[in-house]
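Structure first, then comments.
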Amino acid sequence: MAIREVYVYRIGSGAGFSGDRIDAPQSVVAAIAAAGEGGTVIFETLGERTLALGQIAKRQDAARGYEPLLEDMLEPILARCVSAGIVIVGNFGQANPPAAAAAIQALAIRLGLGGLRIAVVSGDDLVGRIDLSQTERWDGDGRLPGIDGDVIAINAYLGAGAIADAIRAGAQVVVTGRVADPALALGPLVAHFNWAWDDLDRIAAGTLVGHLLECGAQVSGGFFADPGFKDVPGTANIGFPIAEVEADGSFVITKAAGTGGLVDLRTVKEQLLYEIHDPAAYLTPDVTLDITDVDLEEIGPDRVRVSGARGHAAPARLKATVSFYGDWLGEAEISYAGPNALARARLAITTINERVRMRDIPVRHRADIIGTVSAFDSDDGDFLADFDDTPDGDYRVRFAFGGGSQREVERAVQEVNALYCCGPAGGGGVRHSVRPRVRTLSHMVPRALVETGFHFAGEPS
Amino acid sequence: MTALMQTVSLHRIAHGRSGDKGNRLNVNIIAYEPRHWPVLEAEVTAERVAALFAYRGVIQVTRYALPRLGALNFVIEDALEGGVNSSLGLDTHGKCLSYLVLGMDVRVPVEPGDGHEAEPVLQTAR
């Protein structure tokens with residue numbers, strides 16, 4: 001057997017979404033540190049809606065508006081990253097990257113690490129810089145209605161350029177707001193290997209590294225187990241993925257030894273196509289990625305080699321997420337169990353429908369019976385209408401109400417509570433909540449309107 | 001010779017994952033075994049997937065084939081009744097919906113040692 005000695009650069013995932021397992025980065029950082037050659041750990045914690053929630057938090061308190069779990073995620077690994085030369089890159093800045101940088105600096109001082117070089121990437125926030133009426137909507141929002149509430153935030157998906165520049169300038173931590181998720185990995189790779197931005201196959205390969213890592217455990221056994229069909233060992237301790245990237249852009253996806261989960265052809269294929277539309281044209285700010293000729297090879301336990309990404313020119317426009325106040329969502333649930341439970345649950349639904357109509361409450365609403373066909377069903381209840389199995393059972397009726405007025409949605413929810421004394425026999429366990437929602441739509445914006453760059457925290461921007 | 005065929009749930013021969021962006025859903029469907037790739041190509045058509053989602057008002061489905069991976073990728077427009085921030089449904093992301101596709105029936109050739117032998121005929125003598 002030929003043994004190849006190749007130099008690799010290691011990038012691991014520390015989080016795949018806001019709310020991910022807090023302890024996941026620890027095994028990733030330990031494995032990269034043990035290899036002794038430095039590397040990067042990336043945190044992707046910014047969903048479409050998360051940024052608007054951060055913007056709202058920032059309005060209430062200028063020191064907030066970044067990932068609420070930031071300190072919890074970084075405290076166990078920060079010292080190790082600094083000592084092992086592992087760069088931390090994350091979009092955990094949310095709506096307030098400078099405040100996140102200040103929080104990380106404070107954490108470093110508390111841990112006795114002294115001052116760190118923390119870069120803050122800017123340019124994604126387009127509020128006041130753009131007239132949305134002059135921009136086109138993104139076609140993937142289809143028939144969704146347009147913007148009909150007060151705009152909270154407009155953020156462009158930035159590319160990897162400022163991240164790469166910051167790392168070249170010596171950043172130990174890079175804090176971003178909205179960037180394309182794969183840019184979190186592409187930036188460090190460009191900085192490390194000095195890939196040229198017009199070397200499109202290399203830029204595509206780095207983008208693919210980021211695409212496979214951005215959802216954390218989703219490539220290493222998370223969101224995958226289907227007992228008896230796709231079994232996953234150690235689901236309580238899934239090792240988050242680590243990519244070992246070569247200078248030509250080919251790479252191996254693996255995970256730390258001694259962790260649960262698995263990396264094989266199946267896990268990599270599912271994530272390779274996750275949230276991809278046309279596989280020949282995955283649009284990012286830095287490149288149009290083509291994965292149709294990607295080759296996957298299992299080269300050892302929990303090791304899959306990935307090669308063959310191709311790049312085409314980046315799209316002319318950038319995608320921006322527009323967040324605005326939406327409607328109020330009211331949810332209320334009640335259980336019916338035992339003999340004839342299904343008929344009692346159905347009666348609860350027709351009763352509420354009639355009450356909402358009688359009292360003329362201006363809300364849109366739907367009802368599901370959990371335990372029948374709820375997750376797949378439509379607002380019109382097509383599947384539930386045909387469901388006639390098991391009249392005796394353990395059913396939970398779940399009502400949802402949407403409306404522009406908090407008061408009206410609360411009135412509707414209160415009707416469900418009133419089922420306690422007025423509804424079908426034996427209804428129990430009412431739980432209810434009413435909360436405001438933030439809606440998002442995507443618009444396409446000209447690149448010329450987006451100025452991106454970075455500065456080091458504590459230095460003038 | 002005509003191959004003996006049997007009907008199985010797609011879930012027996014393939015796995016997959018769904019993802020959302022806006023009101024658009026994508027579902028990938030991947031053959032466990034290369035020998036089942038032709039079954040996916042022939043049976044899991046854009047038309048059949050569109051029919052599965054018609055109850056949600058879906059009228060546009062695009063199917064992309066990735067033969068090197070033994071995978072299909074379906075892009076299903078306007079499948080999410082408003083998506084993560086507007087839907088009144090339980091699964092606003094559509095994360096469960098890969099299993100709606102995996103629940104469809106497909107025809108596969110019966111192969112020796114497949115574990116799908118003919119069912120035994122059991123009779124009780126009176």
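Each reported figure results from applying straightforward, stated rules to the coordinates on display, with no laboratory input. None of the values given here were measured: they were computed from a predicted structure. Every residue, glycine among them, receives a Cβ derived from its backbone with ideal geometry; neighbour counts consider all protein chains shown.
Going by neighbour counts of Cβ atoms within 10 Å, the residues B:104, B:5 line up, fewest first, as B:5, B:104. Only helices enter the 222 nm calculation for chain A: every DSSP H run of n ≥ 4 contributes -39,500 (n - 2.57), and dividing by all residues gives -8000 deg cm²/dmol, rounded to 500.
Derived scalar couplings between HN and Hα for the stretch A:388-395 equal 9, 6, 5, x, 9, x, 10, 10 Hz in order, rounded to whole Hz, by the Karplus curve 6.51 cos²θ - 1.76 cosθ + 1.60 (θ = phi - 60°), x for Gly and Pro. Other protein chain C-beta atoms within 10 Å of residue C-beta, averaged over B:86-99: 5. Apply the a/c threshold of 1.5 to the C-alpha gyration tensor of the stretch A:182-329 and tell me whether it is rounded, prolate or oblate. The shape class here is oblate. Label residue A:79 and residue B:107 with points 7 Å out from Cα along Cα→Cβ: what is the distance between them in nm? Taking the simple label geometry, residue A:79 and residue B:107 are separated by 6.7 nm. Positive-end ranking of B:108, B:52, B:66 along the dipole of chain B, with charges on Cβ about the Cα centre, is headed by B:66. Put simply, the Cα atoms of the stretch A:1-73 extend 61, 21, 19 Å along their principal axes, the longest span coming first. Measuring nothing but how far apart in sequence close Cα pairs (under 8 Å, 6+ apart) lie, relative to its length, chain A scores a relative contact order of 17 percent.
Taking amide H atoms as placed 1.01 Å from N in the peptide plane, the amide H of residue B:21 lies under 5 Å from those of B:26, each 5 or more residues away in sequence or on another chain. Rounded to the nearest 500, the 222 nm mean residue ellipticity of chain B from helices alone is -4500 deg cm²/dmol, with -39,500 (n - 2.57) taken per DSSP H run of at least 4 residues. The stretch A:156-211 and the stretch A:232-275 have Cα centres lying 20 Å from one another.
Placing +1 on each Lys and Arg Cβ and -1 on each Asp and Glu Cβ, with no other charges, gives the stretch B:28-108 a dipole about its Cα centre of roughly 200 debye. For the listed peptides A:133-139, A:254-260, B:74-80, a ranking on the average number of other beta carbons within 10 Å per residue, highest first, reads B:74-80, A:254-260, A:133-139. Remark: spin-label model distance residue A:370-residue A:388 equals 2.7 nm, labels positioned 7 Å along the Cα→Cβ axis. When each of A:358, A:444 is scored by the number of other beta-carbon atoms lying within 10 Å, the sequence from fewest to most is A:358, A:444.
Amide hydrogen proximity for residue A:214: with H placed 1.01 Å from N in the peptide plane, no residue at 5 or more positions away or on another chain lies under 5 Å. Our coupling estimate for the stretch A:97-114, obtained by passing each phi through the Karplus curve with A = 6.51, B = -1.76, C = 1.60 and θ = phi - 60°, is x, x, 5, 5, 4, 5, 5, 5, 4, 5, 4, 4, 5, 4, 7, x, 8, x Hz, Gly and Pro reported as x. Rounded to the nearest Hz, the phi-derived 3J(HN,Hα) couplings of the stretch A:175-180 under the Karplus curve 6.51 cos²θ - 1.76 cosθ + 1.60 (θ = phi - 60°) are 10, 10, x, 6, 9, 4, where x marks glycine and proline.
Averaging 1/r across all pairs of distinct Cα atoms in chain A and inverting the result yields a Kirkwood radius of 24.2 Å. Given +1 at the Cβ of Lys and Arg, -1 at the Cβ of Asp and Glu and no other charges, the dipole of the protein assembly as shown around its Cα centre is 1060 debye to the nearest 20.
When only alpha carbons are used to place a centre, the stretch A:82-141 and the stretch A:292-325 end up 23 Å from one another. Using only the Cα atoms of the stretch A:325-439, construct the convex hull and provide its projected area averaged over every direction, in square nanometres to one decimal. The number I arrive at for the stretch A:325-439 is 6.8 nm². In this structure the amide hydrogen of residue A:15, modeled in the peptide plane, comes within under 5 Å of the amide hydrogens of A:44, none closer than 5 places in sequence on its chain. Since only A:409, A:334, A:395 are under comparison, the one whose Cα sits farthest along the positive direction of the charge dipole of the stretch A:325-439, derived from C-beta charges on Lys, Arg, Asp and Glu, is A:409. From largest to smallest, the equivalent ellipsoid semi-axes obtained for chain B from the alpha-carbon gyration tensor read 33, 18, 12 Å.
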